[in-house]
Amino acid sequence: MTRDYDVIVLGLGALGSGAAYWLAKRGARVLGLEQFEFGHARGSSHDWSRIIRLSYFSPAYVQLAKEAYAAWSSLERDAQEQVVFKTGGLDIGPRASAIPLAGYAGSMRACDVPFEELDAREIRKRWPVWKIGDEIHGLFQADGGIVAADRATAALRRVATALGATLREDVAVSALRSVNGEIDIAAGSERWRAGKLVIAAGAWTDRALAHFGLRIPFEVTKEQVMYFRARELSSFAFGRFPIWIWMDDPAFYGFPVFGETGAVKVTQDAGGKAVDPDTRGFEEDPEISARVSGFMERYLPGALGPVARLKTCLYALTPDRDFIIDALPGLPNITVTVGGGHGFKFASVIGRMLCELALDGRVSLDGGSGRLDLSIFKIDRPVLQMTEPRKTYML
Ligand SMILES: Cc1cc2nc3c(=O)[nH]c(=O)nc-3n(C[C@H](O)[C@H](O)[C@H](O)COP(=O)(O)OP(=O)(O)OC[C@H]3O[C@@H](n4cnc5c(N)ncnc54)[C@H](O)[C@@H]3O)c2cc1C
């Protein structure tokens with residue numbers, strides 16, 4: 001078997017497409033394999049929009065988010081296409097909440113990210129559609145916004161291909177073997193050999209790792225997003241309303257009107273049930289729908305209206321919801337990533353990290369700030385060694 005490629009990327013959702021983009025930019029011979037058609041709706045990366053923000057629960061993630069914006073700008077230049085749209089971001093919730101805003105404020109302060117602390121009166125003044133009492137407060141950060149999801153992954157693949165990568169759809173990898181420091185990959189009757197492998201298989205990660213006898217505690221849930229033909233639609237127009245996250249348990253989040261939808265997207269974070277990615281259905285989860293409309297009736301009644309569109313999507317959840325961005329123990333030429341149900345905004349920079357891990361064996365990010373603690377993304381971190389780890393899905 002000749003070595004056909006320097007690197008093979010397994011899975012071309014947002015994270016795998018990000019890796020293929022950066023690997024091709026570095027001049028590596030890249031083959032990317034996707035089991036379904038590009039842009040399919042069976043995994044985690046489809047639909048019109050994803051939230052991007054600098055406001056995060058730890059300085060490490062704030063620092064990584066800064067790098068993500070820079071990496072998306074790199075793609076926008078190469079693709080000659082805008083994929084990040086700033087709307088401002090509002091973190092909002094009760095002062096006594098399951099997800100205290102103080103952690104977010106502290107992390108942004110530690111990373112010199114400007115933001116405003118808003119009381120309920122100021123929130124009501126700026127966005128009268130919020131029906132909130134004085135026990136509610138918020139943080140507003142101007143760089144919060146939207147990544148145009150489908151368009152961003154298509155642009156990553158388009159530029160990677162233009163730079164020489166070979167990306168194939170409808171090719172399901174069925175066998176993986178490490179042989180004398182190289183990787184043998186098979187999909188049906190086709191076989192390839194490569195020096196390195198990047199596993200970006202999302203909800204199917206455990207199946208890919210099983211080929212190397214590895215198992216991590218990992219849960220796949222079926223989530224859903226809903227688009228409402230809001231009765232006060234103009235109040236949610238792009239440019240008049242921010243992306244927002246309701247920081248409590250349950251947690252909800254939403255978008256201004258964006259793209260072709262002509263509707264307001266609202267949903268619950270991590271409200272879905274555990275599923276098998278190969279056998280799961282695509283039907284509505286009435287419990288999530290009831291929680292979302294109950295929340296909107298109370299706090300955002302102007303956004304309510306007929307449901308114009310409902311989409312389901314998979315979260316690939318580590319117990320602590322931290323990402324995995326690491327080489328496999330004892331197999332330094334195989335890197336793996338899992339996006340923990342909040343990875344899209346970082347796909348640009350996670351792609352770069354996977355590329356550097358594959359080609360250089362180390363990540364060069366951090367710009368010397370020392371804030372980017374990569375140990376939180378390790379595959380051998382303690383919580384991933386446990387058979388029954390405690391799950392903390394609240395971000
Ligand atoms: C409802 C919802 C809302 C979200 N909102 C946000 C948000 O606002 N902001 C944010 O940052 N993140 C958000 N996320 C999370 C984010 O979308 C994911 O973390 C990210 O898309 C994960 O990308 P991925 O490439 O790992 O997964 P995927 O897109 O699922 O890609 C994995 C790919 O691997 C392929 N694959 C698997 N096995 C094989 C095989 N054997 N052979 C070939 N191909 C294979 C799969 O077909 C799939 O295409 C949200 C997720 C959901 C579900």
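The values are calculated or read from the model by the stated rules, or taken from the named source; none is laboratory data. Since the structure is predicted, the reported quantities are computational estimates derived from the model, not experimental observations. In this analysis, Cβ positions are derived from the backbone assuming ideal geometry, glycine residues included, and neighbour counts consider all displayed protein chains. Ligands, DNA and RNA are excluded from the accessible area calculation, which covers all protein heavy atoms including side chains. Shrake-Rupley method; radii C 1.70, N 1.55, O 1.52, S 1.80 Å.
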| Condition test on residue 174, is it within 9 Å of the ligand (Cβ to nearest atom) and either open to solvent by 40 Å² or more (accessible area, probe 1.4 Å) or in the same structural domain as residue 356 (by TED's automatic domain parsing) (or both)? | yes
| In this structure, is residue 183 assigned by TED's automatic domain parsing to the domain that holds residue 298 and either assigned to a strand (DSSP E or B) or among the hydrophobic types (A, V, I, L, M, F, W, C) (or both)? | no
| task | Return a yes/no flag: does segment 271-290 have any residue that is among the basic types (Lys, Arg) and under 18 Å from the mean Cα position of the chain (by Cα). | result | no
| Looking at residue 79, is it away from the ligand (no atom under 14 Å from the Cβ), of a type in the set (Gly, Ala, Ser), assigned by TED's automatic domain parsing to the domain that holds residue 197 and touching a helix residue (DSSP H, G or I) at 6+ places or on another chain (Cβ under 6 Å)? | no
| note | Scanning segment 67-102 residue by residue, the ones that are part of a helix (DSSP H, G or I) and under 23 Å from residue 126 (Cβ atoms) total 2
| task | May I ask you to say which residue of 195, 188, 164 is over 27 Å from the mean Cα position of the chain (by Cα) and under 30 Å from residue 77 (Cβ atoms)? | result | 195
| said: I'd like to check which strands (runs of 3 or more DSSP E) are fully inside segment 220-333 and have at least 1 residues that are of a type in the set (Asp, Glu) and open to solvent by 10 Å² or more (accessible area, probe 1.4 Å). | reply: 264-269, 324-328
| query | Across segment 355-374, what is the number of residues that are more than 10 Å from residue 60 (Cα to Cα) and at pLDDT 80 or above? | reply | 10
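Each row is one residue, and each column tells you yes or no for (1) outside the structural domain of residue 19 (by TED's automatic domain parsing); (2) within 30 Å of residue 79 (Cα to Cα).
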site	(1), (2)
270	yes, no
292	yes, no
303	yes, no
307	yes, no
325	no, yes
331	no, no
335	no, yes
| remark: (1) out of contact with any strand residue (DSSP E or B) (no Cβ under 6 Å at 6 or more places or on another chain); (2) open to solvent by 60 Å² or more (accessible area, probe 1.4 Å) all hold for residue 211 apart from (1)
| said: Being open to solvent by 30 Å² or more (accessible area, probe 1.4 Å) and free of Cβ contacts under 8 Å to residues at least 60 places away in the same chain is the filter here; which residues of segment 87-105 pass it? | reply: 95, 96, 102, 103
